[in-house]
Amino acid sequence: MAEGNWTSVGAFILTSFSSLPPGVQSFLFLTFLSVYLVTLMGNGLIILVTWADPMLHSPMYFFLRNLSFLEIGFNLVIVPKMLGTLMAQDTAISFLGCAAQMYFFFFFGVSECFLLATMAYDRYVAICHPLRYPVIMNPRTRAKLAVASWFPGVPVATVQTTWLFSFPFCGTNKVNHFFCDSPAVLRLVCADTAFFEIYAIVGTVLVVMIPCLLILCSYTRIAAAIVRIPSAKGRHKAFSTCSSHLLVVSLFYVSSSLTYFRPKSTNSPESKKVLSLSYTVVTPMLNPIIYSLRNNEVKNALGRTFRKTLGIRNCIL
């Protein structure tokens, strides 16, 4: 088996956090389970409220609802398997299961990059062209922008995953990570992967930089528009409408950049696992919290939804 092709065996082993003592693993399981449940509940509430409350049917909350759908999908791809490795020591993952996990990891990750850029464009139109905002961001346009945000994940995930899993695997079948991340799986390949690695680096830079440049361009114009607002109250109101998005963008890009763009000499597998937790587990939990605590419209909508739900329940009782 050591000299064979692991694709015929059909399984990999995720080392996850197996090097840690059982007590620490149990603590991590409870911590990640709590974060996972908060993530599902928080993003689920954002979806429910922005869909049910007529006051939140604006383009900004339409894109926020898309972001919450994306974060739930991202979490479902990574966290349940990680919890299984911690609690039940279920570290085996099939060849197809590993490929599927990597595919959807790329899909949701790339889609989030472009969706954050779309949300920045939405804020640019709202602040720089407020009178034309309802016309520019009409339902048809926002639907096209949402599709354009989700679509790039399909070709990137398809090419990267299909190409990587077409290589022969030999030697150990242990993936030194808590999910099937591309660099960790690539280490198990026993073939020349130089061309693939060049493609992966160039593709990653393009996927990160194109949305990042669009975001920077949008916020440069937003900043210029805010500076021209005469009153301090007006400037504060304009900035508050995009502060939550700025914080979410910062969390996403800082955590992913620290993971994938650090020098190899300082990027050990263990440190990469810790950094990967920031954008696979922590950031999806923080996004709905940031938008809820820093946005009065969402807080008020949550209050109206809860009061309405309690009122219906009391009527039934």
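The values are calculated or read from the model by the stated rules, or taken from the named source; none is laboratory data. Because the structure is a prediction, the values reported are computed rather than measured. Quick reminder, even Gly has a Cβ in these numbers, built from the backbone with ideal geometry, and neighbours come from all protein chains shown. Please note that ligands, DNA and RNA were not included when accessible areas were found on the heavy atoms of the full protein model with its side chains. Shrake-Rupley method; radii C 1.70, N 1.55, O 1.52, S 1.80 Å.
Working from Cα pairs under 8 Å separated by at least six residues, relative contact order for segment 95-247 is 37 percent. Highest mean packing comes first when the peptides 59-72, 93-106 are listed by Cβ atoms within 10 Å, giving 59-72, 93-106. Spin-label model, T141 to M55: label points 7 Å out along the Cα-to-beta-carbon direction sit 2.6 nm apart. Relative to the longest principal axis of the Cα atoms of the chain, the long axis of helix 232-260 lies at roughly 0 degrees. Dividing the helix sum by the residues of the chain, where each DSSP H run of 4 or more adds -39500 (n - 2.57), gives a mean residue ellipticity at 222 nm of -25000 deg cm²/dmol.
The label-point distance for V254 and A224, in a model that sets each label 7 Å from Cα toward Cβ, rounds to 2.7 nm.
Measuring nothing but protein heavy atoms, the accessible surface of the chain at 1.4 Å probe radius is 72 percent carbon and sulfur. Of all lysines in the structure, those lying under 28 Å Cα to Cα from K81, and not within fewer than 8 positions of it along the same chain, are K174, K264, K272, K273.
Cross-link reach is defined here as a Cα-Cα straight distance under 27 Å, omitting same-chain residues fewer than 8 places apart; for K308 the lysines meeting it are K299.
Excluding residues fewer than 8 places away in the same chain, name every one of the aspartates and glutamates whose C-alpha is closer than 14 Å to that of K144. Hits, sequence-local ones excluded: D122.
Among the listed values [x] 51, 49, 38; [y] 76, 42, 40; [z] 70, 54, 34, the one computed from these coordinates for Cα extents along the principal axes in Å is [z].
Note: relative contact order over segment 1-127, using C-alpha pairs below 8 Å and six or more positions apart, is 36 percent. At a probe radius of 1.4 angstrom, the accessible area of the chain per residue rounds to 50 square angstrom. Scalar couplings 3J(HN,Hα) for segment 183-198, obtained by applying the Karplus form with A = 6.51, B = -1.76, C = 1.60 to θ = phi - 60°, are x, 5, 6, 4, 5, 8, 6, 10, 7, 6, 10, 4, 5, 4, 5, 4 Hz; x denotes Gly and Pro. Spatial offset of segment 210-264 relative to segment 150-196 amounts to 33 Å, using the alpha carbon center of each. Selection among C212, H177, T280 by position relative to the dipole of segment 151-296 gives C212 as farthest towards the positive end (Cβ unit charges, Cα centre).
Within the listed set S240, S268, S149, the residue fluctuating most in the Gaussian network model of the chain (springs between alpha-carbon atoms under 10 angstrom) is S268. Go through T91, Y121, L64 and say which Cα lies farthest out towards the positive end of the charge dipole of segment 1-155; charges sit on Cβ, +1 for Lys and Arg, -1 for Asp and Glu. Final value for the positive-end residue is Y121. How are the C-alpha pair distances of segment 23-111 spread across 5 Å bins, as whole percents from the shortest bin up? With a bin width of 5 Å, the distribution comes to 3, 13, 19, 17, 18, 14, 8, 5, 3, 0. Couplings for segment 172-180, taken from phi via the Karplus curve 6.51 cos²θ - 1.76 cosθ + 1.60 with θ = phi - 60°, read 6, 10, 8, 8, 7, 6, 9, 8, 7 Hz in order; Gly and Pro are left as x. Compute the distance in nm between two label points, each set 7 Å from the Cα along the Cα-to-Cβ direction, one at V154 and one at L247. For V154 paired with L247, the spin-label model returns 3.5 nm. Using Cβ point charges alone (K and R +1, D and E -1), the dipole size of the chain about the Cα centre works out to roughly 1500 debye. Counting 0.36 nm for each residue step from I201 to S231 and taking away their Cα separation leaves a gain of 6.2 nm.
By the gyration tensor of its Cα atoms, with a ≥ b ≥ c the square roots of the eigenvalues, what is the shape of segment 127-231: rounded for a/c under 1.5, prolate for a/b over b/c, or oblate? In terms of gyration-tensor shape, prolate. For segment 120-205, relative contact order (Cα pairs under 8 Å, six or more residues apart, normalised by length) works out to 21 percent. What the phi angles of segment 138-145 give under the Karplus curve with 6.51, -1.76 and 1.60, with θ = phi - 60°, is a coupling list of 6, x, 5, 5, 5, 5, 5, 5 Hz, glycine and proline written as x.
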